[in-house]
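Okay, structure first, notes after.
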Amino acid sequence: MRHTLSAIARMILCAAGFVMSIYGSVQLNALKSPGFRELLHESSFWVAAVGGLMTAIAFEAMRRAQVPAAPAPQPTEPVTPVTPVTPVTPDEPAKDERDERPADQADKLSLVEVVGLAAGGVIGSGWLLAVPTLHESLGEAALLGWAAGGLLMLTIAVVMVEFGLISQRTGGLLFHPHDAFGPLVVIILAASLWISYAINPAAQAAAAVNGLAEIVPALAGDGGLTGIGSTLAVLVTAAIIAFVLLPRRLVLRTNAALTLLKIAIPVIFVVFLALAAPGRPTAPGTAAGPTTTGVLSALITSGVIYAYIGFQAPLDVTGEVRGGRREVARRVRWAVYGTVVGSFLLYSSLQLVYAEHMAGSGAEHGTSYARLTDAATLAGAPLDWLVVLIRIAAILAPIGSGIVFTYALSREVYALSAERYVPSGLHEPRASRLPGRTSDSFWLILLVNLVLALVVLVAVGGDWQTLAVLNTIPILILYAVTCVVLAVRSDLLGTGAQRLLPFAAYAAFVVIALVVNESAWDRVWKGVAVIGWGSLVLLVLPWLHHLRVPGLGWYDAKNHGARLVSRDPANRPFVVLALYLVALTLLSAVRHRIDDDSVWSVWSLRALVMIVASGAFVLLVGAGRRYLRQTRLTTTRT
């Protein structure tokens with residue numbers, strides 16, 4: 001118990017030091033060239049200095065406390081990130097299903113838990129905030145936004161699931177691109193996934209505090225979260241990440257229960273409002289026209305894509321799913337496809353009842369959903385009691401989604417560390433006093449993720465919209481590259497319908513480019529910027545370690561940046577992807593600068609985006625296949 005409390009104290013000290021350092025630095029940046037004497041009189045300077053000192057002390061204490069444990073298997077963490085890839089078509093009957101099942105099947109994920117990861121990742125804060133925003137943007141055409149986003153997500157899901165099932169291993173979202181393009185492309189994708197997944201708990205915490213602000217108005221104001229609200233968001237973020245440190249089975253079962261509750265509340269809300277009679281309109285309703293510009297722009301701006309992402313959580317942990325290959329394939333398909341289709345039906349139903357009742361809403365309860373019940377009646381009885389359910393969902397749904405992303409990210413980082421993309425110390429087992437874990441490395445991974453989430457949360461001031469954007473753009477880039485991987489490794493696909501998957505992958509890649517281009521400029525450049533900064537950090541830190549820079553002796557990741565100055569076959573796919581991201585950003589800037597909104601101008605730019613995306617797709621496929629030939633990858637279908 002004493003060791004557990006000591007470890008928690010060190011984690012809190014480190015996180016508090018980082019937050020103080022970032023806060024002080026942000027405040028100092030607002031000053032205009034202060035002198036040394038003026039600097040000493042600034043409280044923000046001392047906040048940053050003390051925060052840096054606290055962080056240094058905490059890191060030194062953790063370094064001394066790390067006692068390597070015996071390299072025994074972790075029975076409560078069945079993670080096998082580094083395994084030889086032996087692709088197998090999921091539809092093929094296995095020779096002996098019993099031989100494919102490890103002895104610890106009882107400890108692996110059941111169908112309910114896999115569905116809990118997929119649906120729990122999707123049903124978060126998106127449906128609470130996207131429906132009202134989409135109604136404001138598109139009016140009666142809002143349903144088109146959910147249909148367009150759902151079709152895109154379903155196409156991406158089919159591509160990712162069917163290819164992901166070829167190699168059932170944890171970390172597949174990153175190691176399939178590694179097989180196709182080499183380590184440099186994985187650096188970009190690792191930055192995208194790590195930043196997106198780490199930001200998600202912060203975004204969900206901010207959304208949960210916004211939901212709580214309906215009961216405690218002091219937590220938020222017109223400009224966003226107040227100081228008290230931001231502090232509470234930090235604590236909620238820390239609580240979400242700390243929860244994943246509990247015994248794995250408890251985390252998964254709690255998430256499954258939360259997911260059931262998160263689905264039940266909006267379903268009850270939809271059913272009662274669909275049966276209720278709306279009040280008399282208090283003002284003429286506005287219905288925006290179903291323009292393609294409005295629909296495509298709303299997919300990111302209004303949070304439609306953000307509301308759909310998260311279905312890929314089972315693909316992050318495919319190696320942990322119970323059963324042989326055919327059973328794993330069936331469970332993952334049910335979870336992912338059912339989640340995407342079910343979320344579309346749920347979101348569309350919410351949008352329909354919202355549009356029907358919004359005009360009749362009178363008095364305000366504080367949230368857009370709550371206002372729908374003001375004038376509606378069912379058999380003459382008011383429906384104000386639904387407000388309580390919505391407020392419960394506004395707090396629990398984001399927290400549940402944050403738990404899913406935190407759990408999935410810890411497994412991805414574990415796999416990255418095993419392959420030395422990040423320091424090897426993040427996957428080495430250490431003696432642990434955590435409940436149910438005698439040997440564990442995930443506490444250190446979660447600490448790093450907590451620091452990253454808190455830094456971003458403080459940097460954006462707890463603004464949910466900014467956090468949602470930083471979560472959405474990187475994950476879309478990850479989806480797009482995964483689509484290219486399928487086309488590169490099309491030789492691994494089976495016959496029949498699987499041969500059509502490369503065409504679906506190409507269509508999804510181009511549509512993602514169009515969606516990004518139609519988004520607001522401030523959202524695009526911020527999303528691409530965090531990918532760039534994250535990639536730079538993952539490339540530069542190993543290089544500095546290689547130069548023996550003092551203080552970086554612990555960062556023993558492989559120096560993949562050295563490949564850039566050699567004739568390495570991984571260079572070409574990396575350069576093509578980097579140039580494509582730059583081109584996509586520049587095209588978005590052009591879209592932002594166009595003053596002429598004529599049909600000719602809009603569609604001319606869209607045609608240019610489609611040409612650039614198509615060219616990038618072809619070049620990436622060619623570069624990937626060339627990489628496979630040059631590295632003589634020998635894995636074939638069996």
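The values are calculated or read from the model by the stated rules, or taken from the named source; none is laboratory data. Quantities reported herein were computed from a predicted structural model and do not represent experimental measurements. Here the Cβ positions follow ideal geometry from the backbone for every residue, glycine too, while neighbour counts run over all protein chains shown. Only protein heavy atoms, including side chains, enter the accessible area calculation; ligands, DNA and RNA are left aside. Shrake-Rupley method; radii C 1.70, N 1.55, O 1.52, S 1.80 Å.
Do you know which of the residues in segment 543-573 that are assigned to a loop (DSSP other than H, G, I, E, B), in contact (Cβ under 8 Å) with a residue 12 or more places away in the chain and closer than 19 Å to GLY425 by Cα is most open to solvent (accessible area, probe 1.4 Å)? Looking at the filtered set, the residue picked out is TRP554. The residue list THR237, THR231 contains one member that is assigned to a helix (DSSP H, G or I) and surrounded by 18 or more Cβ atoms within 10 Å (Cβ to Cβ), which is THR237.
Are any residues in segment 338-350 open to solvent by 50 Å² or more (accessible area, probe 1.4 Å) and touching a residue at least 12 places away in the same chain (Cβ under 8 Å), and if so, which ones?
Passing the criteria: VAL341, PHE344.
Scanning segment 454-490 for residues that are modelled with pLDDT under 80, over 17 Å from the mean Cα position of the chain (by Cα) and part of a helix (DSSP H, G or I) yields VAL458, ALA459. Check segment 182-198 and report whether any residue there is assigned to a loop (DSSP other than H, G, I, E, B) and surrounded by 21 or more Cβ atoms within 10 Å (Cβ to Cβ). Among the residues of segment 182-198, at least one is assigned to a loop (DSSP other than H, G, I, E, B) and surrounded by 21 or more Cβ atoms within 10 Å (Cβ to Cβ), which makes the answer yes.
All of (1) surrounded by 21 or more Cβ atoms within 10 Å (Cβ to Cβ); (2) under 18 Å from ASN210 (Cα atoms) hold for GLN465 with one exception: (1).
Table: residues versus (1) among the aliphatic types (A, V, I, L, M); (2) open to solvent by 20 Å² or more (accessible area, probe 1.4 Å); (3) modelled with pLDDT of 80 or more.
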{"site": "LEU111", "(1), (2), (3)": "yes, yes, yes"}
{"site": "LEU134", "(1), (2), (3)": "yes, no, yes"}
{"site": "GLY164", "(1), (2), (3)": "no, no, no"}
{"site": "THR170", "(1), (2), (3)": "no, no, no"}
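Only one entry in ARG411, ARG420, ARG391 is at pLDDT 75 or above, of a type in the set (Lys, Arg) and assigned to a loop (DSSP other than H, G, I, E, B), namely ARG420. In the condition set (1) open to solvent by 50 Å² or more (accessible area, probe 1.4 Å); (2) within 17 Å of GLY182 (Cβ to Cβ), LEU577 is compliant with all but (1). If you filter segment 617-635 down to residues that are farther than 22 Å from ARG563 by Cα and open to solvent by less than 90 Å² (accessible area, probe 1.4 Å), you find that the one that is modelled with the lowest pLDDT is THR635.
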